[in-house]
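Structure first, then comments.
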């Protein structure tokens, strides 16, 4: 009897192990899957459907012997009412099962964002294959155009670019590492607005070459005198433009959404898209994005260009670092909240005139004062834009404000979203600038 019982237990144990590990025998290999690395969403005129662009990873591009053609993106487009419907259609087309577990970025066109992103974002959040750490980007052009322009010969594997470009916020401040999970939480939170990475297309080297060929062909059809006059005018205009742009920060040059870049890649990611009620309500320039990054402690190092303290026609470049986290305190006792912000910064000069004595503390003090005034004005302008123009708290100040209330009900009755529109700001900057010339001469 005992022997029979042992055999029964043994057989049951075998059946349990076979059932538990049966999935490993039917798991699909890499040859049976198509891995999506980017998804683009565009609207279709006079249609309730959306155009979904799926960029696939070319497995052959991971080989050491891969050619440049192997690294080119593979893009398929599907018209469907939802992302799940698009995937279902695509599965019947590509012949392999579409897998989203390696998706790096999701791109929405500006037109889609202006209509509302919550249904799309909620659908993506409910997809178990989509990771909450995937980046979300709003493109000023169509999402398909952005994806097509993202390829570059600098990266053999495009997934590396999608992994790296959001982290540039740590050393530039001109963008932000916006991920799907945090975006969704902000979209459903009535106290805070949301932001997404802003993307646009730039003039690639190939397009520049085509434009130059067209210009040369057009010039040849005109008279020689007209060619010389046009060449002279263009030269003067370029010199004047270069002279003017040389005295501006990148934030000022790109303030109107105009790109100053030209290269192998046809896209750039500078600025942020502001969302309220899950809809696109405006964009932040490079400098405004830097202010946003400083207030949330996302940027470790950044550069600014200021007037010389003794000669406004000359400029000085500074490398700035944060000494500590941004200090934020909020007074909710008055009718309108008072938000006090304190930044502790340090940095060094990157260039300078020979006529200036950097050993003189007065020179460095004047540079310090110029930096404080410049950053204070920029941060105040940014905060007034978010509160008075956009009327939305995108920096999450409400987290500090709700600490002054005993219950969540009391904070809800305070109506932070409306109070923030009339908030007052007090910005204090402590900075300590040293001269790199003193270090070089020591």
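Can you give the extra length, in nm with one decimal, that the chain gains between residue 405 and residue 369 once fully stretched, where that is 0.36 nm per residue apart less the Cα-Cα distance? Kindly include the intermediate steps, with their values, before the conclusion.
Numbers: separation 36, 0.36 × 36 = 12.96 nm, distance 3.76 nm.
So the chain would gain 9.2 nm between residue 405 and residue 369.
Calculated FRET efficiency, residue 418 and residue 3, Cβ-Cβ r, R0 56 Å, to nearest 0.05? The partial results should precede the final answer.
Working: r = 79 Å, r/R0 = 1.41.
Plugging the Cβ-Cβ distance into 1/(1 + (r/R0)^6) gives 0.10.
Sorting check: for 364-374, 99-109, which peptide has the highest mean count of neighbouring beta carbons within 10 Å, and how do the rest follow? Please report the intermediate quantities before stating the final value.
Values: 364-374: 17.4, 99-109: 22.0.
With the highest mean Cβ count within 10 Å placed first, the list reads 99-109, 364-374.
Would you compute the Debye intensity of region 303-352 from its alpha-carbon atoms alone, equal scatterers and no solvent, and pass along log10 I(q)/I(0) at q = 0.14, 0.22, 0.24 Å⁻¹ to two decimals?
-0.57, -0.80, -0.86
Let me know the whole percent of all Cα-Cα pairs from region 258-309 that are separated by more than 15 Å. Walk me through the intermediate numbers first.
On the way: 839 of 1326 pairs.
Of all Cα-Cα pairs in region 258-309, 63 percent lie more than 15 Å apart.
Cα centroid distance between region 287-356 and region 375-390, in Å?
Here the answer is 14 Å between Cα centres.
Suppose R0 equals 35 Å. What FRET efficiency, 1/(1 + (r/R0)^6) with r the Cβ-Cβ distance, do residue 434 and residue 185 give to the nearest 0.05? Display every interim value, and only then the final one.
Values: r = 41 Å, r/R0 = 1.16.
Using R0 = 35 Å, I get an efficiency of 0.30.
Which order, highest average first, do 132-138, 78-84 follow once you tally other Cβ atoms within 10 Å for each residue and take the mean per peptide?
Sorting 132-138, 78-84 by mean packing, highest first, produces 132-138, 78-84.
For region 296-441, how big is the tail of P(r) above 27 Å, as a whole percent of Cα pairs? Mind dumping the intermediate values first?
Numbers: 3822 of 10585 pairs.
Tail fraction, whole percent: 36.
Can you compute the FRET efficiency between residue 82 and residue 131 using 1/(1 + (r/R0)^6), with r the Cβ-Cβ distance and R0 = 25 Å? Round to the nearest 0.05.
Working: r = 19 Å, r/R0 = 0.78.
The value I calculate is 0.80.
Read the figures in this text as sums done on the coordinates, not as results from a lab. Source: prediction; values computed, not measured. No Cβ is skipped: glycine too gets one built from the backbone with ideal geometry, and neighbour counts run over all protein chains shown.
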